[in-house]
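Visitor: Right, I'll just put the structure down here and ask away after.
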């Protein structure tokens, strides 16, 4: 096993965006919107948990490098069918932040699940994926235009 | 915000099973099977990361209780279209382990993503979900038979 | 150094309440109330950080026992002169949760400080203290009635 | 919620100094001085816990950046009325270390509280505050001369 | 990979003792004894690091169960040829604490190494081993009398 | 106590190599080779635990600086008398990575111990030591040629 050597790579600006879709029952969405969740403010908790998870990524993903993060934004929105998480992570370092963005999106979605699971255990995270990354030797990648 | 009081609940045997499906290109599956991944043994790393993630769950999911885990098994299998993760977690405590099982499945899938992302950035975790839970006041829940 | 042996103590219900007072400028209070803080929702972040800090207490306070927490509530309120944090922690274990409650109150107050420090660096946490504890061999203690 | 983007800021030398005052009974001070505390050397434990807490700050304070620390010193002194903690933290990074210094001072004071709480539960941390910071775009701030 | 199921085992009193021997140059021992180490009090730091490491054991050793620890004592003594660490850990749980005791002894010895390595890089931890364990289904084991 | 100020040191390439020798019974070696260990793949787990431990080093060793790691490789091999661990860690930072390499080697060896301790409690880590370090103000050190 090895954490690959990135010592020969440049410190450059890198960004990654990941999203997660959590499908839930309409009445669960309504309950969150109405603020009727015993544990507290679901969307605020999900956003904060997502931001904090970026800092735990090297502890979770065994071969991830511990790196400096320069900025993190996590947004959570609701529609009729569930919640949508978007996490954007930036760094100025020798390796990318795809895993930090994916871990943030996953953790935010799981935090929502945790807060409303007592009323909707069947919720599914049905698309957790990288949307965009830029910077570094491999340059820009976008889900929309990738082959 | 609050971590709900479980002091009035009984210490009983509880189990939860969660799964994650990671869709990848057939050539990525082939590469993992052939052991041609620079970072090391992908499936062993994913299983171990999944097990270890159960122990970090209360650090990630803000309102989860820190609890004793009595057993954890994480299995990862490959088929033509990708990887399938199954995590089973057991406890003898006052609250369930759904979040531990889901966090294990998510982390195992993200670990695979990390190890082969340089050749397949478009991989998608397309179903991260609870399959089964038993024990506690709310009893047994199965995805197959839930309404 | 030693983490004292609590093996001879009973598992009983224990509770602790701690508070923190953060003195700030009236205009800082007004800014938080108006939701004009760039980093996000200050009070939600403070409450969540307080709850999460209870789970990190054994990592921070060297001789604290790692224990099961059954419930945690963190409340943050504003008045003209600043913020007031109240943290209540419960357990069913062999040792008390005073340190968990104090760590929660301190962390919630520091989180507020962090979110508005760019406009008010002079804020002071001017009273971080235990208010109440009950359970265990030493029984109940209340700040109001203690000698 | 967001961890604000510091990617446009310069890596410069930054320092922060925070202090905490823990008021205790004279006999508690005497007991610490006499080395009559069952758990061990109180001042050594407090200093070490303070240094270590600087490294946990991004885990505790949700929107803090994970940064490289170049130096940390924690001093704890006793007088008749209690203990005084002074924490100084340095970095060469894109954001300041005020939160690291405050977290170190808080943790050192709470560690003292933990080690002698069995004989003096009424101890109060009555001033946890930033004393000085230098470096970065906002320059130097001193409690003594701030408006 | 799996964390083996201990749900069928009894909660009983269990204890483990581990030791580590760190061989160093006589002049390094003399320097520690004289308190001439720039980083601070070597033995106090080693003891405290050892105690704290018991609480991080499940984070480090992948298949260790997270368990409640009821007591931990770490002793460090010096003789002419180096340092001797003895760590004793107790629990009332379903699995033993051998790994916690070994991790404490290793961490205490490594902490000493860290604090004096600038003057003696050749130090060797030459025996890190379990000395004794008691409790649980397999009963008592002693290094002295084991076959 | 202090984490010494490295702000005046240069960011340069630094490397450290540490090894650990775990002596075990021949039948224990045979069991690992045959893959007959209930907990799973011993060598894969040990390697991964070693890599991950490098990222936890500042949490364990009190006065270690939190630094960026550019590469980590952990190798574990078996011979008749036991296991040999070799950990190599690289950074481009202001301080060396000796402690990260030693912590990786210790953790990998302890992970093996954990996975087979039920059949061989008497295993001994009989040499945990730095083999080589290069880079930084003090330059290169090799165990073989050091006085």
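Each reported figure results from applying straightforward, stated rules to the coordinates on display, with no laboratory input. Because the structure is predicted, anything quoted here is derived from the model rather than measured. Glycine also receives a Cβ, built like all others from the backbone with ideal geometry; neighbour counts cover every protein chain displayed.
Visitor: What distance in nm separates the simple spin-label points at residue C:79 and residue F:146, each placed 7 Å from Cα in the Cβ direction?
Guide: About 6.1 nm, to one decimal.
Visitor: While we're on this one: For a footprinting-style exposure proxy, rank E:17, E:4, A:76 by other Cβ within 10 Å, fewest first.
Guide: Final ranking by Cβ density, sparse to dense: E:4, E:17, A:76.
Visitor: Can you tell me the orientation of helix D:98-116 relative to chain D, as the angle in degrees between its alpha-carbon axis and the longest Cα principal axis, to the nearest 10?
Guide: Computed tilt is about 10 degrees.
Visitor: Summarise the partner chain shielding of E:91-102 as one whole number: the mean count of Cβ atoms from other chains within 10 Å of each residue's Cβ.
Guide: Per residue, the average neighbour count from other chains is 3.
Visitor: Would you compute the Debye intensity of region E:45-108 from its alpha-carbon atoms alone, equal scatterers and no solvent, and pass along log10 I(q)/I(0) at q = 0.22, 0.23 Å⁻¹ to two decimals?
Guide: Results for region E:45-108 at q = 0.22, 0.23 Å⁻¹ read -0.81, -0.87.
Visitor: Got the residue B:143 label distances to the other copies yet, label 7 Å along Cα→Cβ, in nm, shortest first?
Guide: 1.9, 4.9, 4.9, 4.9, 5.5
Visitor: Only counting other Cβ atoms within 10 Å, I'd like D:38, D:131, E:88, E:13 sorted with the fewest neighbours first.
Guide: Going from least to most buried by this count: D:38, E:13, D:131, E:88.
Visitor: Given the rotation that superposes chain B on chain F, what residue of B brings its beta carbon nearest the axis, and what is the distance in Å?
Guide: B:44, 2
Visitor: Let me ask you something else. If you look at just the Cα atoms of the protein assembly as shown, how large are its Rg and its Dmax in Å?
Guide: Just the Cα atoms of the protein assembly as shown yield Rg and Dmax of 25.4, 75 Å.
Visitor: Relative to the other copies, what are the label-point distances for residue B:33, with labels 7 Å from Cα along the C-beta vector, expressed in nm at one decimal and sorted shortest first?
Guide: Residue B:33 label point versus its equivalents elsewhere: 3.0, 4.7, 6.7, 6.7, 7.7 nm.
Visitor: Ignore the peptide's own chain and count Cβ atoms of other chains within 10 Å of each Cβ in E:111-118; give me the average, rounded.
Guide: The mean count of partner-chain Cβ atoms within 10 Å per residue comes to 5.
Visitor: Stokes-Einstein D for region E:12-136 at 25 °C, 0.890 mPa s, Kirkwood Rh over Cα pairs, in µm²/s?
Guide: Approximately 168 µm²/s, per Stokes-Einstein.
Visitor: In what order do C:15, C:89, D:51 fall by count of nearby beta-carbon atoms within 10 Å, going from fewest to most?
Guide: C:15, D:51, C:89
Visitor: To the nearest 0.05, how large is the calculated FRET efficiency for residue A:12 and residue C:12 if R₀ is 45 Å and r is the Cβ-Cβ distance?
Guide: Taking R0 as 45 Å, the efficiency between residue A:12 and residue C:12 is 0.20.
Visitor: Give me a single rounded figure for C:33-44: the average over its residues of other chain Cβ atoms within 10 Å of their Cβ.
Guide: Partner-chain Cβ atoms within 10 Å, mean over residues of C:33-44: 3.
Visitor: Using only Cα atoms, find the angle between the long axis of helix E:42-60 and the longest principal axis of chain E, and express it within 0 to 90 degrees, rounded to the nearest 10.
Guide: 30 degrees
Visitor: Placing the label point 7 Å from Cα along the Cα-to-Cβ direction, what are the distances from residue F:80 to the equivalent spots in the other copies, shortest first, in nm to one decimal?
Guide: So the distances to the same position in the other copies read 3.6, 5.1, 7.5, 7.5, 8.7 nm.
Visitor: Using alpha carbons only, how many angstrom separate the centre of region C:1-70 from the centre of region A:62-84?
Guide: 24 Å
Visitor: Calculated from DSSP H runs of 4 or more alone, at -39500 (n - 2.57) each and per residue, what is the 222 nm mean residue ellipticity of chain F, nearest 500?
Guide: Rounded to the nearest 500, the figure is -10500 deg cm²/dmol.
Visitor: If you average 1/r across every pair of different Cα atoms in region C:6-78 and take the reciprocal, what Kirkwood value do you get, in Å?
Guide: One over the average 1/r among Cα pairs gives 15.1 Å for region C:6-78.
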